[in-house]
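Data block below; observations after.
The values are calculated or read from the model by the stated rules, or taken from the named source; none is laboratory data. Small disclaimer: the values here were computed from a predicted structure and weren't measured. As a convention, Cβ positions derive from the backbone with ideal geometry for all residues, glycine included, and neighbour counts pool all protein chains shown.
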Amino acid sequence: MLQLLIGGFISLTALYVLLSLYFRSLHREMLENRFDAGGEQGLREDFVRQGMVKYDHSLGKRALRLVYLVPVAVVVAIAYVVNHS
């Protein structure tokens, strides 16, 4: 049982890291494209850096933590239904 919990935690952590890197790169690319389209003042690096700081504090970044919560909640719900039916 402990091996399953440790394996699940490691798997969810790997998924979290991969999704975090992917969404971060998408947001960075969107900021770079917005700057390249024009209408933004200053240096490109500063604009992207400020946008990434905002992203780090955004709801979307925090919602990524649901990677841990949702699978655990589903397993608990399934176990409850199976044992109490």
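Filtering segment 49-71 down to residues that are under 19 Å from F9 (Cβ atoms) and without any contact (Cβ under 8 Å) to a residue 60 or more places away in the chain, which residue is nearest to the chain's Cα centre (by Cα)?
To start, the set of residues in segment 49-71 that are under 19 Å from F9 (Cβ atoms) comprises 64-71.
Add one more test, that the residue is without any contact (Cβ under 8 Å) to a residue 60 or more places away in the chain, and what stays is 64-70.
Values: L64: 3, R65: 6, L66: 8, V67: 8, Y68: 10, L69: 12, V70: 13 Å.
Per the criteria, the residue is L64.
The requirement of being modelled with pLDDT of 95 or more, aromatic (F, W, Y) and surrounded by fewer than 11 Cβ atoms within 10 Å (Cβ to Cβ) is fulfilled somewhere in segment 65-84, by at least one residue. Checked against (1) of a type outside the set (A, V, I, L, M, F, W, C); (2) outside any helix (DSSP H, G or I); (3) surrounded by 10 or more Cβ atoms within 10 Å (Cβ to Cβ), Q41 passes all but a single condition, namely (3).
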